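K.L.:
Below is a structure I'd like to ask you about.
The values are calculated or read from the model by the stated rules, or taken from the named source; none is laboratory data. All figures in this text were calculated on a predicted structure; none of them were measured in a lab. Ideal geometry is used to build each Cβ from the backbone, glycine not excepted, and the neighbour counts take in all protein chains shown.
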Amino acid sequence: MSVSDRGLCWNLVGLMAAGIMAVAPGGLAAQAIGTIEGLVTRQGDGSPLSGVLVSVEGTGLSAVTGTDGRYRLARVPSGPQTIVFRRLGQRVETRPATVSSGTTLTLDAALGDAPITLGGMIVSSASRLPERVVEAPAAVTVVDPIVARDVSATGQAPRLVATVPGVDLVQSDVNDFNLNTRGFNTTLNRRVLVLQDGRDLAVAFLGAQEWNAMAMPTEDFGRVEMVRGPGSALYGANAFSGVLNIITPPARDVVGTKISLAGGELGTLKADVRHAGVLAQGRVGYRINAGYTRSGTWTTARTRFDGSDLAREYAEATDSTVSSQTEVAPLTGQTVDPTTGDAVGDPSALTSLYGSGRFDYYFDNGSVLAADGGIAQAKNLTVVTGLGRVQIQESLRPWARLNWAASNYNVMAWYSGRSSPDSQLTLNSGINFEERSSIWHVEGQYNRAFLGDRARIVLGSSFRNYQVDTKGTLMDPVNDARSDNYYSAYGQLEYRPVSQIRAVVAARWDEGDLISSQISPKAALVFSPTEDHSIRLSFSRAFQTPNYSEYYLRAPAGAPSTSLASLEQGAEGYFQTVNASLGAGVADLNLPTDLPWDFEPSTLLLALGNDDLKVETVRGWEFGYKGTIQDRVFVSVDLFFSELKNFVTDLLPGVNPAYPSYSLNDQGTDLLADLNALEARINFLEANNLISAAQAAALRQPIPTLRVGYTALSAQAGALLATLPDGTRAIVVSYGNAGRVIEYGVEVGLGAKITSELTVDGSFSSIKVKVREFQQGDELIPNTPEYRGHFGIAYRGHLGIEGNVTARYSTGHRWLAGVFDGWVPSRLSIDATASYAINNNLRVFAVGTNILDQQRFHLYGGSVVGRRVLGGVSATF
């Protein structure tokens, strides 16, 4: 970061802090406060209920009951208050309370079963404000906290939303996932914006996520919401087809110490510890966590010289033809047999070491000032990219955040960095590259209700700075070590003409150093005839910015070619020999003894970016229904229709006008015509006895080889050979914008309570695609199954026994992204979890993914994913 940019960011942080002091005098002044505590039980049998969200209405104060069903709310303003108890699967309970200064009020509650109720479920991601899920102007799903707890042992955060309708989760090793919705997936997908407490988790250079570099386990996430559909109206770039919003709890909500240990197949070992507490009579909260994960890998080397490794790897996973592929570099920890090319030795384990800390200051008016940060180190992850597989030998992900949240405003600043102390290795070419990057972001948001709460407005703006430096390994030095700024402003207005109808309009403006102004509108109409039913109509536009690789990439796409220089030298040498031998006999042919091509001895094969790329856009129309039937069956149906334009192509020849094509026939040279004319002259001279048959045969001998070489290379060069800005020539592939696609589909979710302890759930998704326009030489395919779905059954007993089994199915489909093109077979994966709470403080568990060990790859070029069964123990103090 330059000194001026760093100064700008810190000045903005200073202004934010000054604003906190200026606008919140009431929060800093002394105020009469008290405490509320109590026990929440299940109505009927009196058993304690854990995971109940207890909140003080209108203040932002909340707590969550522990495994013993108890909660404690500190620093509650004195006077009459309304306390709300919410838990998925129970009826919402509202209780009045009068708090006296300096005293503790005991308030118990008993919640009755209402397993599938939408009326009291609150979400905040669809409008960036709390609202009932039934009234949200988008397709939004809340992840059950028990799912987050069960997934935690695997260390695979994307599994949180694996069963959400419409979500396409693609896996290519233990920790390499692509999360997408509604089609057009790719090797490094970034169409779903992933946020943690408002902080973008993407890597600056590629815009995709590093899932194994998160700084806390999923069981500490608190709340996870998945919004499907275009979301740029409130979230900006890359909320193209959805937003995954992770909201961690304040420190005071998780007071105590928790230790979790897990291990099992693939040599997996995972350990996490968290401690949280409160100080200064509950005014200050703190939370720290640390963790370590170690696992083997499903990734195998593909260095065998005959190119058979991929076919052998995929032998049990597909009946389709598998193309040959050879990588020049093995995985870390392996060597290559010089005779066969086989990789020798075991790959190094995947490891992740992480930690974070958070400090909160709780104002008497309910606002919270939070400062948190952390770092994660990940080693030996192999990811699939458009240029082939890349092994990230080490990455460091530091981050920090400062956030002040109140009922009517939210102000935050955050930093997210990445560096690769050990180089990242391109397995196809054996070339190492580096990347150091950071994102600095400052944002403010204001909201208020008016017209007697019939209307509400949200206003916000943000500034973001990206910095990327690849040390010339991935970008040309002219474009490397960049610092680019982005600016935005957004607003949303909602109005209720009657209580059952909610109209929402929103728009956002984004502009930056690398993109022109983008306007992202949204409009939605929600009709809720009852508390637990709604119908939604909406329109929205979203966009996705090209990443730095697509803008400024300069990297070898393969080994340099010596064929062009050899052809040129061979033809020149041959014509010189013929001229010397025949002289006047061929003088009139004007054979070129000095061809004008001037190829270098090694002609580079380059993958180059395109700094003139436009953003990809989507316009989407949606119809949605959410409802519950007799408090036991939940149904959601979402129909969507979208138009996508300006796709960034795969790396292709000729799509970037900055690198004009160069023909072997340029400057009037036609080697094939010269060879044909020369062969005819030699035949004439032989037929007229002007040269001997032996001499003619010797002169003709090189012609077939030169003709074949010219034909092959001219076909290749006609597509790939380009002139670089300095006048030299290279074999070039680059990016362009092209295409218009219509997609439409349906997403259905279903849940039912069979008994008070047994539930079932399922989903079904379908997508259809029609390509209207495309780039010549490119193919636009969705890279996603046409049909997919899941079915699950879960048991949650009163005696501490819990378990579930989930089956996920997807149809086969073609995968085309970068250098990988092939058929992905259909798959059926069955996952299961089981746990037993020995007491309020100790729980043992087991979790298995793909427990039937069905051998499948999820994207062509990715690893075959097998079974992984883990067991462990979790203790709280």
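K.L.:
When the stretch 576-597 is examined, which residues are found to be touching a residue at least 24 places away in the same chain (Cβ under 8 Å), in a loop (DSSP other than H, G, I, E, B) and either crowded, with 20+ Cβ neighbours inside 10 Å or not β-branched (Val, Ile, Thr) (or both)?
P.N.:
If the condition is that a residue be touching a residue at least 24 places away in the same chain (Cβ under 8 Å), in a loop (DSSP other than H, G, I, E, B) and either crowded, with 20+ Cβ neighbours inside 10 Å or not β-branched (Val, Ile, Thr) (or both), then Leu591, Pro592, Leu595, Pro596, Trp597 are the ones that fit.
K.L.:
How about the stretch 330-346: which of its residues are within 26 Å of Thr268 (Cβ to Cβ) and either buried (at least 20 other Cβ atoms within 10 Å of the Cβ) or touching a helix residue (DSSP H, G or I) at 6+ places or on another chain (Cβ under 9 Å) (or both)?
P.N.:
Pass one, the stretch 330-346, residues within 26 Å of Thr268 (Cβ to Cβ): 330-335, 343-346.
Pro330, Leu331, Ala343, listed by residue number.
To keep it simple, each residue is scored yes or no on (1) modelled with pLDDT of 90 or more; (2) of a type in the set (A, V, I, L, M); (3) surrounded by fewer than 22 Cβ atoms within 10 Å (Cβ to Cβ); (4) in a strand (DSSP E or B).
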{"position": "Asn175", "(1), (2), (3), (4)": "yes, no, no, no"}
{"position": "Asn180", "(1), (2), (3), (4)": "yes, no, no, yes"}
{"position": "Gly183", "(1), (2), (3), (4)": "no, no, no, no"}
{"position": "Arg190", "(1), (2), (3), (4)": "no, no, no, no"}
{"position": "Leu195", "(1), (2), (3), (4)": "yes, yes, yes, yes"}
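K.L.:
Under 6 Å by Cβ, and 6 or more places apart or on different chains, what pairs join a residue from the stretch 796-810 that is acidic (Asp, Glu) with one that is assigned to a strand (DSSP E or B)?
P.N.:
These pairs meet every condition: Glu802/Arg796; Glu802/Ser835.
K.L.:
Let me ask another. From (1) at pLDDT 95 or above; (2) hydrophobic (A, V, I, L, M, F, W, C); (3) surrounded by 16 or more Cβ atoms within 10 Å (Cβ to Cβ), pick out the condition that doesn't hold for Leu639.
P.N.:
With (1) at pLDDT 95 or above; (2) hydrophobic (A, V, I, L, M, F, W, C); (3) surrounded by 16 or more Cβ atoms within 10 Å (Cβ to Cβ) applied to Leu639, the lone miss is (3).
K.L.:
Further question on the same structure: Every residue in the stretch 283-304 that is over 21 Å from Leu425 (Cβ atoms) and either in a loop (DSSP other than H, G, I, E, B) or not charged (D, E, K, R) (or both), please. Even if it seems obvious, please write down each step before you answer.
P.N.:
Filtering the stretch 283-304 down to residues over 21 Å from Leu425 (Cβ atoms) leaves 283-293.
Hits for the stretch 283-304 are Arg283, Val284, Gly285, Tyr286, Ile288, Asn289, Ala290, Gly291, Tyr292, Thr293.
K.L.:
Moving on to the next point. Got a sec? Which strands (runs of 3 or more DSSP E) wholly within the stretch 718-781 have at least 1 residues that are at pLDDT 90 or above and touching a Gly at 6+ places or on another chain (Cβ under 7 Å)?
P.N.:
737-753, 758-773
K.L.:
Here is a follow-up. Any chance you could count how many residues in the stretch 427-456 are modelled with pLDDT of 90 or more and assigned to a strand (DSSP E or B)?
P.N.:
Residues in the stretch 427-456 being modelled with pLDDT of 90 or more and assigned to a strand (DSSP E or B): 17 in total.
K.L.:
Then there is this: Tell me, which strands (runs of 3 or more DSSP E) lie completely within the stretch 213-273 with 2 or more residues that are more than 30 Å from Phe539 (Cβ to Cβ) and of a type in the set (Ser, Thr, Tyr)?
P.N.:
Correct list: 256-264.
K.L.:
Go through the stretch 211-244 residue by residue and tally those that are at pLDDT below 95 and within 24 Å of Ser395 (Cα to Cα).
P.N.:
Matching residues across the stretch 211-244 total 12.
K.L.:
Looking only at the stretch 614-636, which residues are of a type in the set (A, V, I, L, M, F, W, C) and either in a strand (DSSP E or B) or at pLDDT below 95 (or both)? Even if it seems obvious, please write down each step before you answer.
P.N.:
Within the stretch 614-636, the first condition is being of a type in the set (A, V, I, L, M, F, W, C), and the residues that meet it are 615, 618, 621, 623, 629, 633-635.
Across the stretch 614-636, the qualifying residues are Val618, Trp621, Phe623, Ile629, Val633, Phe634, Val635.
K.L.:
Determine, yes or no, whether Glu494 is buried (at least 21 other Cβ atoms within 10 Å of the Cβ), part of a strand (DSSP E or B) and of a type in the set (D, E, K, R).
P.N.:
Yes; evaluated as a whole, the condition is true for this residue.
K.L.:
Report the residue count in the stretch 428-469 for those that are touching a Lys or Arg at 6+ places or on another chain (Cβ under 6 Å) and closer than 30 Å to Ala555 by Cα.
P.N.:
Looking only at that region, the number is 5.
K.L.:
So, one more: Among the residues of the stretch 515-556 satisfying the criterion of being of a type in the set (A, V, I, L, M) and within 24 Å of the chain's Cα centre (by Cα), which is farthest from Val819 (Cα to Cα)?
P.N.:
Looking at the filtered set, the residue picked out is Ile519.
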